[in-house]
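Worksheet for the structure shown next.
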Amino acid sequence: MGQPAWELTWIAIVNLSGSSVTPLVKGFLPLWSPDGRYIAYLLYPEGLSPLYLQIFDLEDKRVVEVASFKKGEIFPKIAWLSSSELAFYKGEPSVFNLQDQRVWPLLREELASGLDTAAPMEYITAAPAAKVFALGSSQKIWLMRWEDGKAQLLRQIDDGLDHAYWVLSPDGKFLAYVSALSRQVKIIGVDDPIISVEIPTQGRGSPIIEGWSPDSTALLYVDFEGLKIVNRDGSGLQRITGEINHARWSPDGARILGTDFDGQLWEITVTPKP
């Protein structure tokens with residue numbers, strides 16, 4: 001029809017049986033809040049500018065506008081720090097608080113001034129239940145704790161991110177990312193710097209991190225060969241399929257939901273290898 005794909009994209013809730021689909025709001029890249037009440041997402045209006053970051057309240061059925069982004073600004077990455085605090089990048093790491101509807105700098109001035117931020121700290125991932133989050137650039141990674149609305153630096157990693165697909169495990173103990181140096185999947189310990197696993201890439205291109213299992217024991221990612229699962233210590237690597245992308249674990253950890261290149265939704269039963 002000549003319309004941009006972004007203008008045709010809706011966010012919808014699908015029950016696990018696939019028998020019910022409930023459209024909610026126009027937008028893309030939805031992200032649930034930890035309590036399941038809110039969905040943060042991005043939205044392009046007609047004309048594709050500006051880009052909006054919004055939150056949909058499933059209880060009140062209302063939209064809350066968080067921020068807008070002009071062409072040329074860094075594409076925003078988002079992460080929930082808690083059920084009421086949404087972190088994102090707009091010129092600097094920022095946080096939107098649903099309670100007072102205001103945007104604040106994510107890092108205190110004294111903390112930010114002591115970090116090596118030659119490259120923008122545009123990447124962010126969080127483990128809200130563990131009160132841990134991470135900021136990253138193409139050159140550095142910073143592991144941080146989030147307590148009472150304040151960030152505290154845990155440690156700095158002298159390695160950058162190849163791209164924005166990275167994720168902290170739900171228990172906040174492990175971080176998975178694709179290294180800018182090796183372009184391979186790396187798993188590191190948040191509190192234990194000795195923990196470091198690198199998984200060799202198969203084929204050309206960079207792998208894409210999809211997500212941790214709910215119990216934080218296995219990682220889901222995609223490389224040239226297809227969708228794969230690996231244990232957090234690097235063992236038990238297995239290929240699931242070569243046709244599924246944009247995959248996520250089900251809440252019970254027994255299944256993977258994903259789409260194929262034709263847009264069909266798939267459900268795959270998995271058993272991680274010991």
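The values are calculated or read from the model by the stated rules, or taken from the named source; none is laboratory data. What you see is a predicted model, and the numbers here were worked out from it, not measured in a lab. Please note: Cβ atoms are built from the backbone with ideal geometry, for glycine as well, and neighbour counts cover all protein chains shown.
Within the stretch 248-274, being part of a loop (DSSP other than H, G, I, E, B) and aromatic (Phe, Trp, Tyr) holds for one residue alone: Phe261. Annotation note: of Leu42, Leu24, Leu81, the sole residue that is in contact with a Gly (Cβ under 8 Å, 6 or more places away or on another chain) and either among the hydroxyl-bearing types (Ser, Thr, Tyr) or in contact (Cβ under 8 Å) with a residue 24 or more places away in the chain (or both) is Leu42. Going through (1) under 26 Å from Gln54 (Cβ atoms); (2) modelled with pLDDT under 95 one by one, Ala112 falls short only on (1). Against the test of being surrounded by 16 or more Cβ atoms within 10 Å (Cβ to Cβ), over 19 Å from the mean Cα position of the chain (by Cα) and closer than 24 Å to Val132 by Cβ, the options Leu111, Leu24, Leu86, Leu81 yield a single qualifying residue, Leu111.
Is there a residue in the stretch 124-135 that is farther than 24 Å from Phe56 by Cα, at pLDDT 95 or above, aromatic (Phe, Trp, Tyr) and assigned to a strand (DSSP E or B)? No, the stretch 124-135 contains no residue that is farther than 24 Å from Phe56 by Cα, at pLDDT 95 or above, aromatic (Phe, Trp, Tyr) and assigned to a strand (DSSP E or B). Applying the set (1) surrounded by fewer than 21 Cβ atoms within 10 Å (Cβ to Cβ); (2) part of a loop (DSSP other than H, G, I, E, B); (3) touching a residue at least 12 places away in the same chain (Cβ under 8 Å) to Asp100 leaves exactly one unmet item: (3). On inspection, Leu81 does not qualify as over 30 Å from Arg145 (Cβ atoms), touching a helix residue (DSSP H, G or I) at 6+ places or on another chain (Cβ under 8 Å) and not small (Gly, Ala, Ser). Only strands (runs of 3 or more DSSP E) whose full extent lies in the stretch 147-247 are considered here, and the ones with at least 1 residues that are more than 24 Å from Asp116 (Cβ to Cβ) and either touching a helix residue (DSSP H, G or I) at 6+ places or on another chain (Cβ under 9 Å) or in contact (Cβ under 8 Å) with a residue 24 or more places away in the chain (or both) are 185-189, 196-199, 208-212, 218-223, 226-231, 238-241.
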